[in-house]
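The values are calculated or read from the model by the stated rules, or taken from the named source; none is laboratory data. For clarity, every value in this text was computed on a predicted model and none was experimentally measured. We place every Cβ from the backbone using ideal geometry, glycine too, and count neighbours over all the protein chains shown. Ligands, DNA and RNA are excluded from the accessible area calculation, which covers all protein heavy atoms including side chains. Shrake-Rupley method; radii C 1.70, N 1.55, O 1.52, S 1.80 Å.
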Amino acid sequence: MFVSRNMLNLDSFSCKNAESSQDSIFQNLEYDMNSQPALKGQDIVVALKLALTLRGGFTYVTAASSLGLAPSRVHASVKMLLEARLAVGDTKNGVLINRARLLPLLIYGLPFFLPPLTGGIGRGMATAFELDEIREGILDDNRERYVWPDPAGSHRGVALAPLHSCVNIAATNDATLYRSLMAIDAVRVGAIRERNIATSVLTKLFA
């Protein structure tokens, strides 16, 4: 078969165009990956609140007041939960949390993508192993005590960074939410016995 110079030039031109197009696709993909939305601690706190106390509807103002967040931040978290398929509905008319997806995320996901960050000994709000079920189920005076840092707190222990800075207010305003946050922290920092008890508590709350 006779191959002309023009055909070769056309092939070369086509290859260059294909390579350029492919480079453009990968550049766009890299940009999208760099701006990939991801769940944050604030989103988890909002999900817990909605799942536990605001079933069937809510207002951003009410949720924000209870959580100690601005309504705009609650709105942003709800949008993220919808994108993550942890909720169904829409940001205008309200959402319902998908508990079947939330529960395994709390037990198996959070310890890895929101690992515990601890500090020194100080005052704060009790969390983790101060959960009633753990204190009553595992008698161990030498067990580490954890607190969310708060100079006005009534407990002393190892400082544990909360999922979000709003948790002290949110937990004070909602005892059930407080229990769920303590159980989550116990899963994040606990050994097998503490994790098992905390998992049982979370299962009862969110199953």
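Among 81, 163, the order of accessible area from largest down is 163, 81, computed with a 1.4 Å probe on protein heavy atoms. Ordering 165, 77 by accessible surface, largest first, gives 165, 77; the 1.4 Å probe counts only protein heavy atoms, with every chain in place. When both bridge partners sit in segment 116-207, DSSP labels roughly 80% of those beta bridges antiparallel.
Each residue was assigned an accessible area with a 1.4 Å probe, and for residue 144 the value is about 100 Å². Neighbours of residue 76 by Cβ distance under 10 Å: Lys/Arg scored +1, Asp/Glu scored -1, total +2.
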